Amino acid sequence: MQLSSQLGCQLPVSQCRRVHSAARPVPRRMVVQATVEAAEASGEVSIRRRPPLGNDTQPCGPALGYKVGNLPDINQPRNILEEIVWYKAKEIEVFREKQPLPMLQALARQAPPARDFKAAVVAKAQQTGKPGLIAEVKKASPSKGVIQPDFDAVRIAAAYEAGGAACLSVLTDEKFFQGSFDNLARIKAAGVSCPLLCKEFIVEAYQIFKARVSGADAVLLIAAVLPNQDLAYFMKACKALGMCCLIEVHTEAELARVLQLEGLEGHLLGINNRDLGTFKVDLAVTKHIMDSPSGQEVKRRGILMVAESGIFTPDDVAFVQEAGVGALLVGESLVKQGDPATGVKQLLSLA
């Protein structure tokens, strides 16, 4: 009797094939969906990854669609971040049609090595005695609309660098922030030497490869959207590409959860002072979280913490620095200025 040697199987080949067929690995996308649904049900994440009852519109051909009416309110996004995240599934499918993942993976292998994002932040902080500045290249936002009508991504990036920014954050979301991966690539191609963070709403590894190919040295990961299993997976993907992660939290509970991940010391954590439901900004959020037991653990472990949102003045910088952060991510207050280089110097009291 012919036997299969695969995995030491001692069954006849025909029977063994049936067994292995029945136990065929589940596609990762299905595993991810099950993980996300479990995380949402347990309260691990506060942002639902997709409409719970499915999309209300289904394509029926190139020019036709079928719309499902009278879906309950539960199938509507609860806040702007959820609306953005739900749209990403559609956006990624469009990207995939133009650049399949194997193509991005090949391009990533050919790309120059990523620059050390975290080291650049630390070095600038040591040089200036101020938190290392991650200056954001951003044209618009859902809450403010167009922030800088005279928007030139390369000009703004070069001005930030000249003013003393340690690194740059580049918005790549098109629909809600009027950004693009092209802006990221153009800044990289222009010779800006500051390491670049891809400010994207990451929900799939595909976006990480696209960020790397576009010139990013780091990516943003949002704990309110991603359960720890996804965060760990994306951190590994970034490590394989030589990239760094900025893992963003909004609450003490999110920070406590994220601190369970291995290898955080090689990345950055961020506290976003913006409430996801109301979009209200309060710098006291940073102090509250840094004063918490989880915040004290961050300090003990020497993890680099970034304060995000609501930083407009030197007094704001001093407040969050006193709270224990080692870096800042600032967008609106800088990008809307006519001279971003001077804005950077004034914010950090370097002028």
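The values are calculated or read from the model by the stated rules, or taken from the named source; none is laboratory data. All values derive from a computational prediction rather than experimental measurement. Cβ placement follows ideal geometry from the backbone for every residue including glycine, while neighbour counts extend to all protein chains displayed. For accessibility, only protein heavy atoms count, side chains too; no ligands or nucleic acids. Shrake-Rupley method; radii C 1.70, N 1.55, O 1.52, S 1.80 Å.
Points worth noting:
- Matching residues, the stretch 338-351, being part of a loop (DSSP other than H, G, I, E, B) and buried (at least 17 other Cβ atoms within 10 Å of the Cβ): LEU348
- Close pairs (9 angstrom Cβ cut-off, 6 or more residues apart or separate chains): over 21 Å from GLU82 (Cβ atoms) and free of Cβ contacts under 8 Å to residues at least 24 places away in the same chain in the stretch 278-295, open to solvent by less than 60 Å² (accessible area, probe 1.4 Å) and of a type outside the set (A, V, I, L, M) anywhere: ALA284/ASN273
- Taken over the stretch 123-150, the criterion of being in a strand (DSSP E or B) and open to solvent by 60 Å² or more (accessible area, probe 1.4 Å) is satisfied by VAL146 alone.
- Yes/no for PHE201 being closer than 23 Å to VAL94 by Cα and not aliphatic (A, V, I, L, M): yes
- Qualifying residue in the stretch 284-299 (condition: more than 29 Å from LYS139 (Cβ to Cβ), part of a helix (DSSP H, G or I) and among the polar types (S, T, N, Q)): yes
- Enumeration of residues in the stretch 292-309 that are surrounded by 20 or more Cβ atoms within 10 Å (Cβ to Cβ) and among the β-branched types (Val, Ile, Thr): VAL298, VAL306
- Sole residue being part of a helix (DSSP H, G or I), within 18 Å of LEU220 (Cβ to Cβ) and among the aliphatic types (A, V, I, L, M), chosen from ALA106, ALA120: ALA120
- Boolean, ALA159 is out of contact with any helix residue (DSSP H, G or I) (no Cβ under 8 Å at 6 or more places or on another chain) and over 12 Å from LYS199 (Cβ atoms): no
- ARG78 being outside any strand (DSSP E or B), open to solvent by less than 50 Å² (accessible area, probe 1.4 Å), under 26 Å from SER143 (Cα atoms) and modelled with pLDDT of 65 or more: no
- Taken together, VAL122, VAL85, VAL137 contain a single residue that is modelled with pLDDT of 95 or more, under 21 Å from SER214 (Cβ atoms) and of a type outside the set (Lys, Arg), which is VAL137.
- Among all positions in the stretch 192-207, there is no residue which is under 24 Å from THR286 (Cβ atoms) and free of Cβ contacts under 8 Å to residues at least 12 places away in the same chain.
- Exactly one residue out of ALA153, ALA158, ALA166 is in contact (Cβ under 8 Å) with a residue 60 or more places away in the chain and buried (at least 19 other Cβ atoms within 10 Å of the Cβ), and it is ALA166.
- Of all the numbered requirements in (1) at pLDDT below 95; (2) in contact with a Phe, Trp or Tyr (Cβ under 7 Å, 6 or more places away or on another chain), LYS336 misses one, and that requirement is (2).
- Test: ARG155 is out of contact with any Phe, Trp or Tyr (no Cβ under 9 Å at 6 or more places or on another chain), over 20 Å from LEU133 (Cα atoms) and part of a helix (DSSP H, G or I): no
- The C-beta contact set for the stretch 122-146 (first residue over 16 Å from PRO195 (Cβ atoms), second residue open to solvent by 50 Å² or more (accessible area, probe 1.4 Å) and in a strand (DSSP E or B), distance under 8 angstrom, 6+ apart or interchain) comprises LYS139/VAL146; ALA140/VAL146.
- Number of positions in the stretch 76-132 that are among the hydroxyl-bearing types (Ser, Thr, Tyr) and in contact with a Phe, Trp or Tyr (Cβ under 9 Å, 6 or more places away or on another chain): 1
- Among the residues of the stretch 268-304, just one is at pLDDT below 95 and of a type in the set (Gly, Ala, Ser), namely GLY277.
- Residue in the stretch 310-331 that is over 30 Å from THR342 (Cα atoms), open to solvent by less than 40 Å² (accessible area, probe 1.4 Å) and touching a residue at least 40 places away in the same chain (Cβ under 8 Å) present: no
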